[in-house]
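Some notes on the structure that comes next.
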Amino acid sequence: MNQSFTSVREVNFDGLVGPTHNYSGLAHGNVASMTHEGLVANPREAALQGLAKMKSLLDAGYTQGVLPPQQRPDLGALRALGFRGSDAELLNQAANEAPQLLRAVCSASSMWTANAATVTPSIDTPDGRVHFTPANLQSSFHRFLEPATTGRVLAAIFADTGHFAHHPTLPATPAFSDEGAANHTRLGASHGESGVHLFVYGRQAFDGDGVAPSRYPARQTLEASQAIARQHGLGEAQVVFAQQHPEAIDAGVFHNDVIAVGNGPVLLYHELAFRDEQATLDALRRKMSTPLIPVRVPLEAVGLEDAVASYLFNSQLLSNADGSMTLVVPGECQEREAVWRCIQDHLLAGHNPISEVVVKDVQQSMRNGGGPACLRLRVVMNDAEQAALSGRVLLDDGLYGELSQWVRRHYRDRLATADLADPQLAVEALTALDELTRILAIGSVYPFQLA
Ligand code: SUG
């Protein structure tokens, strides 16, 4: 084992759940979000569940990072839409005249950092820097509000321009619809060796054959994925573009990470993940310098409904020092018999590196369609890059303790959609976030701090 191999690791940056976490049913095509609309949320529990997941992975020896939530309610967005007056007046006017807009500007959706950006590790880029592109998230209004702050947060943490390169979001128009790392998987022998980048898209904007889902939107375009690859300097030999199976999207698979997950040489995927399964595997095999280990879950073992409800494929697949892998699955996998059987009989008992399954309760996030893998942005870094991070964003026991206390001090344990108009909620949220930027030592990143 050479030094460059041992000093490179994947850091999972989980999104902290924000104080306005609620169930507004904002995400069309996301079955969990649509089903749980109107439920009373528990933001405190949501944030603590997220922190507990981070802490248990830290305790198991993985390097864990944390990203702050966004400023919500996004009062600036309401002002841009013509609402006037004091903060309280704005919220009141929006609640009366356009409740759907108020719900959108209150969403805590930035917790799903797999959609924050696409990241390419330095070993794969021509200039030897880690490259970032914040996703434009233009498919929905509530998520379109994220990229500006995401860009500031990433620039604050990955500030060292000798190691990190930041690109602008793609044009926020349907042709370049981009949902970030949720549709991007890097495959290779190990984190420290060069990888092949699998970009999965739902539709082609310009010259496609028109094959696309009919019921729910395809959120990622081929053109967006190609532009990201270009921005990051990835050459033809390093990339594979594959179309998602339209049937899967129509069953509620709104991102590839709801139906496939890769790590190292392993690609765990459902039979209906890709429109052309064989061509996708062939292309990966041609370009990878190490044998691909496909772990295929057939439709007869796990139906699409079970896959979507359990979020089996929205698991984190993590590398261990001995070459084995750990699969971190959401608790909902235990509730679906076919899924649990597949985990035991097919994944754990199969000829593949997956040797352990860890179950995590992230139910508050799951009810909005966000499993363990949605909650994290993977950044592969070497020692020098890790040392060049700004702020206090790598979790240790001390930071975990402080963040847990911070959540307990500021978060409500009950939030209904009717509460979103409460001006006191906005005051609480901004007070909490101001304190958070000091805990994380990332400077001013929120609009209310920059005004
Ligand atoms: O974009 N849900 C998110 C869930 C994102 C999950 N991410 C990944 N699969 N990587 C979405 O559909 C619902 C929010 C609400 O209703 O407030 C929401 O936006």
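The values are calculated or read from the model by the stated rules, or taken from the named source; none is laboratory data. Quick caveat, the model's predicted, so the values are computed rather than measured. Backbone-built Cβ (ideal geometry, glycine too); neighbour counts: all protein chains shown.
Contact annotation: residue pairs with Cβ atoms under 8 Å, 6 or more positions apart or on different chains, pairing a residue in the stretch 11-38 that is within 20 Å of residue 56 (Cβ to Cβ) with a partner that is part of a loop (DSSP other than H, G, I, E, B) and within 9 Å of the ligand (Cβ to nearest atom), are 14/375; 15/112; 15/375; 17/108. When residue 252 is tested against (1) in contact with a Phe, Trp or Tyr (Cβ under 8 Å, 6 or more places away or on another chain); (2) at pLDDT below 95, just one condition goes unmet, and that condition is (2). Restrict the check to the stretch 307-321 and report whether at least one residue is farther than 22 Å from residue 11 by Cα, free of Cβ contacts under 8 Å to residues at least 60 places away in the same chain and touching a helix residue (DSSP H, G or I) at 6+ places or on another chain (Cβ under 7 Å). Within the stretch 307-321, one or more residues are farther than 22 Å from residue 11 by Cα, free of Cβ contacts under 8 Å to residues at least 60 places away in the same chain and touching a helix residue (DSSP H, G or I) at 6+ places or on another chain (Cβ under 7 Å).
Working only within the stretch 17-31, note down all residues that are aliphatic (A, V, I, L, M), more than 8 Å from residue 108 (Cβ to Cβ) and more than 6 Å from the ligand (Cβ to nearest atom). Scanning the stretch 17-31 gives a single hit, 31. With respect to the conditions (1) touching a Leu at 6+ places or on another chain (Cβ under 8 Å); (2) surrounded by 13 or more Cβ atoms within 10 Å (Cβ to Cβ), residue 396 falls short on a single one, namely (2). Checked against (1) out of contact with any helix residue (DSSP H, G or I) (no Cβ under 7 Å at 6 or more places or on another chain); (2) at pLDDT below 95, residue 211 passes all but a single condition, namely (1). Here is the figure for the stretch 366-400: residues that are of a type in the set (D, E, K, R) and more than 17 Å from the chain's Cα centre (by Cα) total 5. Could you list all residues from the stretch 177-209 that are surrounded by fewer than 22 Cβ atoms within 10 Å (Cβ to Cβ) and either within 15 Å of residue 136 (Cα to Cα) or hydroxyl-bearing (Ser, Thr, Tyr) (or both)? Answer for the stretch 177-209, where residues must be surrounded by fewer than 22 Cβ atoms within 10 Å (Cβ to Cβ) and either within 15 Å of residue 136 (Cα to Cα) or hydroxyl-bearing (Ser, Thr, Tyr) (or both): 190, 194.
What strands (runs of 3 or more DSSP E) completely inside the stretch 240-348 contain at least 2 residues that are polar (S, T, N, Q)?
Details: elements: 260-263, 266-270, 293-297, 316-319, 325-330.
Output list reads 316-319.
Here is the figure for the stretch 180-205: residues that are touching a strand residue (DSSP E or B) at 6+ places or on another chain (Cβ under 9 Å), part of a loop (DSSP other than H, G, I, E, B) and either among the acidic types (Asp, Glu) or more than 30 Å from residue 383 (Cα to Cα) (or both) total 3. A Cβ distance below 8 Å, combined with a sequence gap of six or more or placement on separate chains, defines the contacts here; from the stretch 135-164, residues that are within 17 Å of residue 450 (Cα to Cα) reach residues that are in a helix (DSSP H, G or I) and among the aliphatic types (A, V, I, L, M) in the pairs 145/77; 145/104; 145/105. Only one of the numbered conditions (1) in a helix (DSSP H, G or I); (2) buried (at least 19 other Cβ atoms within 10 Å of the Cβ) is violated by residue 374, and that is (1). Scan the stretch 438-451 and report the pairs whose first residue is in contact (Cβ under 8 Å) with a residue 24 or more places away in the chain and whose second residue is of a type in the set (Val, Ile, Thr), with Cβ atoms within less than 6 Å and a gap of 6+ or a chain change. Every condition considered, the pairs that remain are 440/393; 445/153.
Residues in the stretch 153-176: is at least one out of contact with any Asp or Glu (no Cβ under 9 Å at 6 or more places or on another chain), part of a strand (DSSP E or B) and surrounded by fewer than 24 Cβ atoms within 10 Å (Cβ to Cβ)?
From the stretch 153-176, those out of contact with any Asp or Glu (no Cβ under 9 Å at 6 or more places or on another chain) are 153-157, 159, 161-162, 166-168, 171, 173-174; that's our starting set.
Still in the list and also part of a strand (DSSP E or B): 166.
Keeping just the survivors that are surrounded by fewer than 24 Cβ atoms within 10 Å (Cβ to Cβ) gives 166.
Yes: one or more hits.
The residue pairs whose first member lies in the stretch 232-251 and is without any contact (Cβ under 8 Å) to a residue 40 or more places away in the chain and crowded, with 20+ Cβ neighbours inside 10 Å, whose second member is part of a strand (DSSP E or B) and not acidic (Asp, Glu), and whose beta carbons are closer than 9 Å, counting only pairs six or more residues apart or on different chains, are 245/270; 245/274.
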